[in-house]
1. How large is ³J(HN,Hα) for each residue in segment 216-232, as worked out from phi by the Karplus curve 6.51 cos²θ - 1.76 cosθ + 1.60 (θ = phi - 60°), to whole Hz, x for Gly and Pro?
2. Just tell me which lysines come within less than 18 Å, Cα to Cα, of residue 174; anything on the same chain fewer than 8 places away is out.
3. Filter the cross-link list 22/104; 39/102; 39/107 down to pairs whose alpha-carbon distance in this structure exceeds 23 Å.
4. Using a cut-off of 13 Å between beta-carbons, work out the net charge of the residues near residue 23 (Lys and Arg +1, Asp and Glu -1, residue 23 not included).
5. Give me 46, 79 ranked fewest to most by other Cβ atoms within 10 Å of their Cβ, as a rough exposure proxy.
6. Output wanted: per-residue J couplings in Hz (rounded whole) for segment 284-289, from phi through Karplus 6.51 cos²θ - 1.76 cosθ + 1.60, θ = phi - 60°, x for Gly and Pro.
7. Hey, rough spin-label estimate for residue 302 and residue 114, points 7 angstrom out along Cα→Cβ, what's it come to in nanometres?
8. Let a ≥ b ≥ c be the square roots of the eigenvalues of the Cα gyration tensor of segment 63-124; is it rounded (a/c under 1.5), or, if not, prolate (a/b larger than b/c) or oblate?
Amino acid sequence: MASASSNNQGPLSFEEVYDIVKRNEQAHYDLVYRTLLAKSEYLTEIPNNQTHSILHHLVSNGALDLFNKIIAIPNIRFILLTRTLGKPSKDILQISEENKGKSKTHKKLYEQIDRLVQMDKCVEYAKNNQTDECRKMLEQNRDLADQKPPYRKYYLIHHLAYANNKNAFDQLNKLCRFDLTLLTNDQKTASEVAIEQHHDRFAHYLETLSPEMRAIREQHQQEKNKQNEVQVKNNEQLEKQIVNTGGTNMLDCFTCPLTRELFHDPVILSDGFTYERTAIQHWLDLGNRRSPMTNIELTNVDLEKLFINERRSFFKNKFSNMNKIDMKFFEQILFLIW
């Protein structure tokens, strides 16, 4: 198993990952992590004839460092308290508590999971507008107001903003005083979340309480305006490129620079370049925060989907002066990829 793993340059199979973790082969945990970056769904999958998932085995093994790296994977989706299939059925909090006496690392992992469970529960209450339950938890631990598991997108305050729940905000803010400058995983303030949901009055209210929040939002807007300007310039460059090719090398304009294949789901990154979604998302999931084309640091990692119908019409109008042969070829390309 070790030699096969070390020679594998791509993600491991589920069976390989499961075998490594079940055997607690720590020398190959880096391979496990790199695989889970691309295949996070492996984490809580329980194979046939088994009772534990990869996550359950990691906790049993006391793999604190790997556990902390996994829960910080961008956009990871998993249920924290996934239960085993054995009898009695157990979640990772119970497993970690049973094993906390094995070593200092096991004890730290139990304490970490216990904190995660409390944070996760409080944020989930906020997401479901269960204000009374949030309040009870905050009365026991006010620090929970400004905490969340790394895999959660929103803090408590962002859920309140999303739901336009001003009454709950006022009630809980008196109790614990929120940090109003907290940002979501995609770098948005609570007021920006409120504005996206058309809760402008609540957003304005939040910003009157925190000028710092307003300053952050205005800075984000300025950055977005700059990105739009860059995108306009990139569109102009793309137009010129297509015109200059005269249709002979037009496929290059509709090919992802990472995969070198025709687009199926094209998205725009903040560097102004267009990529195939799965390819650039994999690049970002590996922890890269620089443009793969320019090596310049990205201002954000949002992926903007191209509006297909508008994009098709835009290009067809721009290049309507092509001769009939070129225009027919151009329309075939648009049909194939968009």
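1. Per residue, the Karplus-derived 3J(HN,Hα) values read 5, 4, 5, 5, 4, 5, 4, 5, 5, 4, 5, 5, 5, 5, 5, 5, 4 Hz.
2. Within the straight-line cut-off, residue 174 pairs with 136, 166.
3. Values: 22/104 21 Å; 39/102 30 Å; 39/107 28 Å.
Result: 39/102; 39/107 exceed 23 Å.
4. Details: positive: 22; negative: 15, 16, 19, 25.
Local charge sum for residue 23: -3.
5. Numbers: 46 17, 79 11.
Lowest to highest Cβ neighbour count: 79, 46.
6. 6, 5, 6, x, 5, 10
7. 4.1 nm
8. Working: a/c = 1.57, a/b = 1.15, b/c = 1.37.
Oblate is the answer for segment 63-124, as a/c is 1.5 or above yet b/c matches or exceeds a/b.
Every read-out reported here was derived from the displayed coordinates using simple, explicitly stated rules and does not represent laboratory data. The structure presented is a predicted model; accordingly, all values stated were derived computationally and were not measured. Cβ sites come from the backbone with ideal geometry, for glycine too, and all protein chains shown count toward neighbours.
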